[in-house]
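Visitor: Handing you this structure, nothing more for now.
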Amino acid sequence: MNKVVFLDMREEGLSLFIIEKNRDRWELRDRVDIPDQDLPSDIEKTFKDVRESYLSLPLSLLDFRIVKLPFHDLEKVREVLPFELDSLVLGGSAAVVFDACILEKNNDKYDVLATYIPKDNLRRILGKFEKLKIVPRIVTSIELASVMNSPRPHEGIIEGLLDSRLVGGEDRIKAVIKEIDRPTINLRRGEFAHTADTERTKKSLKLTAILMGVLMLIFLSDTGFRIISTEKEISAVKDEIRKTYQGLFPEEKKITSELYQMKAHLRELKEKEKAFIGVSPLQFLLDLTTHSISGAIFNDITIDKERVVLKGECRSLSDVQEIKSALEEFLRNVNISDAKSLSQDRTTFTITAKEKD
């Protein structure tokens with residue numbers, strides 16, 4: 001049956017909304033209110049024929065931080081947030097489960113609302129349900145959704161998080177249905193990720209796997225060719241990553257993992273970030289890698305409060321001018337302070353610049 005149960009945790013108790021789909025529309029079939037969030041032993045009867053369950057947490061169990069990022073793609077935001085939360089959350093990002101909502105754009109950057117809960121707290125809450133064989137697919141918050149969907153400015157959202165008025169009656173039922181279709185957040189991530197869907201998919205694919213085995217025998221030669229081609233492409237991508245990394249850090253001779261070592265460089269920059277008022281090291285490196293500068297090797301990059309100094313090598317003096325032009329796309333007051341031709345195809349240069357206003 002196409003039926004779900006929405007577990008709505010509140011300060012005063014727990015409500016179970018039994019929602020069923022009728023002609024492409026979710027409708028409330030029943031509601032069970034449980035005081036003090038104590039689940040009865042026969043609660044499993046409520047979950048008979050239930051396809052999946054959802055869980056809503058109250059704002060009192062959640063914590064929030066607002067960070068500014070130069071992009072709003074949620075996948076990228078979730079990748080970067082751990083670095084931001086490391087310096088904002090006690091115990092670092094490894095101690096919490098988090099998700100994000102985009103608030104608004106402000107001065108070419110986006111305000112991002114990071115919502116998080118300590119892992120121990122979430123583990124305790126989910127464990128209480130799992131003892132009764134209740135495994136929520138999504139962990140969200142109706143109250144957060146109400147604050148985010150209210151027609152208020154940025155500052156009003158912050159006030160709403162601090163002093164949220166509970167949504168009640170028909171509005172709460174509508175909020176429940178909306179969260180089923182499109183959750184505002186989902187705290188079932190990382191080690192808490194919901195795997196029941198994957199298990200069901202694996203079971204349903206067993207028969208398909210047998211049929212695919214027969215087809216695989218027929219197309220074995222073609223598959224082998226594709227595997228070889230894919231391996232070559234992967235090898236080419238790895239070589240390109242290695243070349244790019246070596247181009248950024250030519251003095252670094254021992255390279256074992258480009259991704260890990262790049263993260264280490266980024267962490268070093270982040271630790272030093274407080275020493276800078278002007279140029280953002282992370283943003284500068286992103287801009288530098290985005291603007292392709294052919295034939296340029298940067299041996300020394302210095303960023304201080306007032307300016308950026310780049311020292312490196314290229315093939316000729318004309319290449320130095322091209323490097324200067326490329327830098328002017330994201331910097332100002334770009335000047336060539338020194339350029340020396342050491343040989344026919346080797347020229348050293350020193351370029352100074354400032355961050356754009």
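Visitor: Taking a 19 Å limit on the Cα-Cα distance, which of the listed pairs Lys243/Lys340; Lys263/Lys356; Lys105/Lys174; Lys305/Lys354; Lys263/Lys324 fall beyond it?
Guide: Working: Lys243/Lys340 26 Å; Lys263/Lys356 26 Å; Lys105/Lys174 28 Å; Lys305/Lys354 9 Å; Lys263/Lys324 28 Å.
From Lys243/Lys340; Lys263/Lys356; Lys105/Lys174; Lys305/Lys354; Lys263/Lys324, over 19 Å: Lys243/Lys340; Lys263/Lys356; Lys105/Lys174; Lys263/Lys324.
Visitor: Here's another thing I want to ask about it. Note down the accessible area of Lys311, probe 1.4 Å, to the nearest 10 Å².
Guide: 90
Visitor: So what does Lys340 come to for accessible area, using a 1.4 Å probe and Å² rounded to 10?
Guide: Near enough 110 Å² of accessible area.
Visitor: Size of the dipole of segment 230-271 about the Cα centre, Lys and Arg at +1 and Asp and Glu at -1 on the beta carbon, nothing else charged, in debye to 20?
Guide: 80
Visitor: Compare Met9, Met212, Met262 by solvent-accessible area with a 1.4 Å probe and give them largest first, with all protein chains kept in place. List each step's numbers first, then the result.
Guide: Working: Met9 10, Met212 95, Met262 55 Å².
Most to least solvent-accessible, the answer reads Met212, Met262, Met9.
Visitor: Contour minus end-to-end for Asp338 and Glu12, with contour as 0.36 nm per residue of separation and end-to-end as the Cα-Cα distance? Could the numbers behind the result be given before it?
Guide: Values: separation 326, 0.36 × 326 = 117.36 nm, distance 7.09 nm.
In short, 110.3 nm is gained.
Visitor: Under 13 Å from a point 7 Å along the Cα-to-Cβ line of Thr290: which residues of segment 103-123 have their amide N that close?
Guide: 108-110
Visitor: What accessible area per residue, rounded to a whole number of Å², is obtained for the chain using a probe radius of 1.4 Å? Before the final figure, lay out each step's value.
Guide: Values: 21990 Å² over 357 residues.
Per residue, the chain has an accessible area of 62 Å².
Visitor: Next up: Whose amide H sits under 5 Å from the amide H of Leu103, counting only residues 5 or more places off or on another chain, with H placed in the peptide plane?
Guide: The answer is Asp111, Val112, Leu113.
Visitor: For segment 40-119, run through the chymotrypsin sites (Phe, Trp or Tyr not before Pro) and keep only the ones in DSSP coil with at most 16 other Cβ atoms within 10 Å of their Cβ.
Guide: Working: sites: Phe47, Tyr54, Phe64, Phe71, Phe83, Phe98, Tyr110, Tyr116; in loops: Phe71.
Counting only loop positions with at most 16 other Cβ atoms within 10 Å, the chymotrypsin sites (Phe, Trp or Tyr not before Pro) in segment 40-119 are Phe71.
Visitor: Moving on to the next point. If ligands, DNA and RNA are left out, what is the accessible area of Ser343 with a 1.4 Å probe, given in Å² to the nearest 10?
Guide: 50
Visitor: Next up: Can you compute the charge dipole magnitude of the chain about its Cα centre, using +1 on each Lys and Arg Cβ and -1 on each Asp and Glu Cβ, nothing else charged? Give it in debye, rounded to the nearest 20. Mind dumping the intermediate values first?
Guide: Details: 57 positive and 61 negative charges, 178 e Å.
Roughly 860 debye, rounded to the nearest 20.
Visitor: How long are the three semi-axes of the equivalent ellipsoid of segment 278-357, in whole Å, if each is the root of 5 times an eigenvalue of the C-alpha gyration tensor, listed from largest down? Working shown, then result.
Guide: Numbers: eigenvalues 90, 30, 23 Å².
They are 21, 12, 11 Å, listed largest first.
Visitor: Next question. Over the alpha-carbon set of segment 11-129, work out the extent along each principal axis and list the three values in angstrom, largest first.
Guide: Sorted largest first, the three principal extents are 51, 37, 23 Å.
Visitor: From the backbone phi of segment 216-232, what are the Karplus-calculated ³J(HN,Hα) couplings (6.51 cos²θ - 1.76 cosθ + 1.60, θ = phi - 60°) in whole Hz, Gly and Pro given as x?
Guide: 5, 5, 5, 9, 4, 4, 5, 5, x, 4, 5, 5, 4, 5, 5, 4, 5
Visitor: ³J(HN,Hα) across segment 307-312 via Karplus (A = 6.51, B = -1.76, C = 1.60, θ = phi - 60°), whole Hz, x for Gly/Pro?
Guide: 7, 10, 10, 10, 10, x
Visitor: R0 = 41 Å: FRET efficiency of Asp49 with Ala95, Cβ-based, nearest 0.05? Each step should come with its number before you reach the end.
Guide: On the way: r = 38 Å, r/R0 = 0.93.
Calculated transfer efficiency: 0.60.
Visitor: A further question on this structure: Accessible area of the chain with a 1.4 Å probe: how many percent of it is carbon plus sulfur? It would help to have the intermediate numbers written out before the result.
Guide: Values: 11350 of 21990 Å².
Carbon and sulfur atoms account for 52 percent of the accessible area of the chain.
Visitor: OK, next. Evaluate the charge dipole of segment 246-357 about its Cα centre and quote only its size in Debye, nearest 20, assuming +1 on the Cβ of each Lys and Arg and -1 on the Cβ of each Asp and Glu.
Guide: Working: 17 positive and 19 negative charges, 47 e Å.
Roughly 220 debye, rounded to the nearest 20.
Visitor: Using only Cα atoms, what Kirkwood radius does segment 210-319 have, in angstroms? Write down the numbers at each step before the final one.
Guide: Working: mean 1/r = 0.0572 Å⁻¹.
Kirkwood hydrodynamic radius for segment 210-319: 17.5 Å.
Visitor: Determine the calculated [θ] at 222 nm for the chain from helices alone, applying -39500 (n - 2.57) to every DSSP H run no shorter than 4 residues and normalising by the residue count; nearest 500 deg cm²/dmol. Intermediate results must be reported in sequence, preceding the final value.
Guide: Values: 11 runs with 142 residues, N = 357.
The per-residue figure over the chain is -12500 deg cm²/dmol.
Visitor: Between Arg23 and Glu75, what is the FRET efficiency for a Förster distance of 56 Å, r being their Cβ-Cβ separation, to the nearest 0.05?
Guide: Details: r = 33 Å, r/R0 = 0.60.
So the FRET efficiency works out to roughly 0.95.
Visitor: Once fully extended, how much extra length lies between Leu207 and Glu322, figured as 0.36 nm per residue of separation less the alpha-carbon to alpha-carbon distance?
Guide: Working: separation 115, 0.36 × 115 = 41.40 nm, distance 6.01 nm.
Going from the current span to full extension adds 35.4 nm.
Visitor: With θ set to phi - 60°, apply the Karplus curve 6.51 cos²θ - 1.76 cosθ + 1.60 along segment 112-124 and write out the HN-Hα couplings as whole Hz, x wherever there is a Gly or Pro.
Guide: With coefficients 6.51, -1.76 and 1.60, one gets 10, 8, 8, 10, 8, 9, x, 4, 4, 5, 5, 4, 5 Hz.
Visitor: Would you mind classifying segment 52-187 by shape? Square roots of the alpha carbon gyration tensor eigenvalues, ordered a ≥ b ≥ c; an a/c under 1.5 is rounded, otherwise it is prolate if a/b is larger than b/c and oblate if not. It would help to have the intermediate numbers written out before the result.
Guide: Values: a/c = 1.83, a/b = 1.19, b/c = 1.54.
Here segment 52-187 falls in the oblate category.
The values are calculated or read from the model by the stated rules, or taken from the named source; none is laboratory data. Quick caveat, the model's predicted, so the values are computed rather than measured. Glycine also receives a Cβ, built like all others from the backbone with ideal geometry; neighbour counts cover every protein chain displayed. Surface accessibility is based on the protein's heavy atoms, side chains included, excluding ligands, DNA and RNA. Shrake-Rupley method; radii C 1.70, N 1.55, O 1.52, S 1.80 Å.
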